[in-house]
1. Project the alpha carbons of the stretch 183-250 onto their principal axes and report the range along each, largest first, in whole Å.
2. State the Cα centre-to-centre distance between the stretch 123-145 and the stretch 192-226 in whole Å.
3. Please work out the FRET efficiency for the pair K403 and A377, using the Cβ-Cβ distance as r and a Förster radius of 25 Å; give the result to the nearest 0.05.
4. Pull out the extension gain between E14 and K419, defined as 0.36 nm times the separation in residues minus the alpha carbon to alpha carbon distance; nm, one decimal.
5. What are the extents of the Cα atoms of the stretch 309-365 along their three principal axes, in Å, largest first?
6. Let me see the P(r) profile for the stretch 126-260: every Cα-Cα distance counted, bins of 10 Å, each bin given as a percent of all pairs.
7. Tell me the angle of helix 334-343 to the major Cα principal axis of the chain, expressed in degrees between 0 and 90 and rounded to the nearest ten.
8. Could you tell me how many degrees, from 0 to 90 and to the nearest 10, lie between the Cα long axis of helix 6-16 and the main elongation axis, the longest principal axis, of the Cα atoms of the chain?
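Just so it is clear, none of the values below were taken in a lab; they were calculated from the coordinates. Just so it is clear, the structure is predicted and the values come from calculations on it, not from any experiment. Virtual Cβ from ideal backbone geometry, glycine too; neighbours counted across all protein chains shown.
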Amino acid sequence: MKKLPEDFVKQAKELFGNSYEAYTNAINSEVVNSIRINDKLTLNLDFEKVKWCDTGYYLSERPNFTLDPFLHAGAYYVQEASSMFLEQFLKKYVSADAVALDMCAAPGGKSSLMSQYLLNGGLLISNEIVRNRAAVLTENSIKWGNDNCLITNNAPSAFEQYEGFFDAILVDAPCSGEGMFRKDDTAITEWSLQNVQLCAARQKEILKSAWVALKEGGVLIYSTCTYNAYENEDNVKWLLDSYDAEMLPVTIDAEWGVSETPFGYHFYPHKTKGEGLFMAAVRKLSATSEAKFKKTSTQQNSGRKPSLECLQNPCDYQLLFHRNLWYALPKKHEFKIKQLLQNLNVIYLGIEIYEQKRNDFIPQESLALSKYLNKEAVVSVDLSLEEALRYLRSETITIDAPKGFCVVTYCGLPLGWVKNIGNRCNNLYPNNWRIRMEIPTDNLPQPFMLSEINSRD
């Protein structure tokens, strides 16, 4: 049995009452494993569905994700099922062509859900203040493969410059982590009443910045992975008392086991199939001024430019040279993106297609993993499972293909680039992404999705 802090036990007994024992039994049970699939893979899995998310599924056991090329190709995201509840708020209150901000986005699960929802016309800015976490966010966003996401590395207060800019903002706030006690023992050891109070105060500061950046009529979605009222209901009440705002309810099914309060929705591990979560949404009712921007300017490159024929529908994109890299920006978002580039530390945008070295263009990992890669314009080679894993370990592989840059795939899904020089290939997989686990020489585990794919052939 997990040893919980005495102050937390007292708090939890008050919260859960007669169901406290059921709660402790739940957090000492097996962790619930769940994924959300990407439309890179047109597949309806024969697994139990997550009832509040169209693309969410439960797994009966935890596979070896590290040795699964489908994960590295961005075919699915390992996401806690309760977090997928975000989809309900997006569907009801956020337009598919909205300009949205995920203010505390790493590692990127909720961002990938939002970018997918906004794929037909919307734009997502995914922000993370901590640099190394922003790098993880970038990796996960690239693997997901959408073209409508910018990644920024800024303090929440930086977005106050963009007053009234965003149609929707998600604040998935740093919290005391009570809802993660089943899957993360560190969350237990780091918990204290003092940390709860510190988190609640920090959350208010983040919400203040988000409110400035939200336009009139815009929707602010607030979430934590904790239970206590200080970080949840009290912060929502504070928003309603401090600003001209209204609560936004969503419809829930009784069989989901979600607990509704006047100020939001709770997921408890003994009532729902998932970890602990709180989520609420409010609408900004008062008028707000809109940010004024100077004429935009971006880094120029007067030399040879790359072609956009590497992408499907190249006329839909505009080239941008930023920090010595060539990006393809969706033309429909070009103006907004250039406004954001003025004042924010933007570390990724659109599709990163080439690095320029003198007059050579080196294709980037994000181009290979993009849903918009023109597969007719590149040479591709499909790898076996063992070859794919060796590639993902950044090992040298050999392929039967013409000399030059080639996309390597697994079951048709791109993994990345190699440069074939004849007797061997230069492996261009990002070194900081590589698999560090040794590959078993015997009984290599088959990806759990493989049987689903084969059964539909």
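1. Largest first, the stretch 183-250 extends 42, 24, 18 Å along its Cα principal axes.
2. Going from one Cα centre to the other spans 20 Å.
3. Values: r = 17 Å, r/R0 = 0.68.
After rounding, the FRET efficiency stands at 0.90.
4. Values: separation 405, 0.36 × 405 = 145.80 nm, distance 6.19 nm.
So the chain would gain 139.6 nm between E14 and K419.
5. 30, 26, 18
6. With a bin width of 10 Å, the distribution comes to 10, 33, 38, 18, 0.
7. Roughly 70 degrees between the two axes.
8. Helix 6-16 sits roughly 80 degrees off the main axis of the chain.
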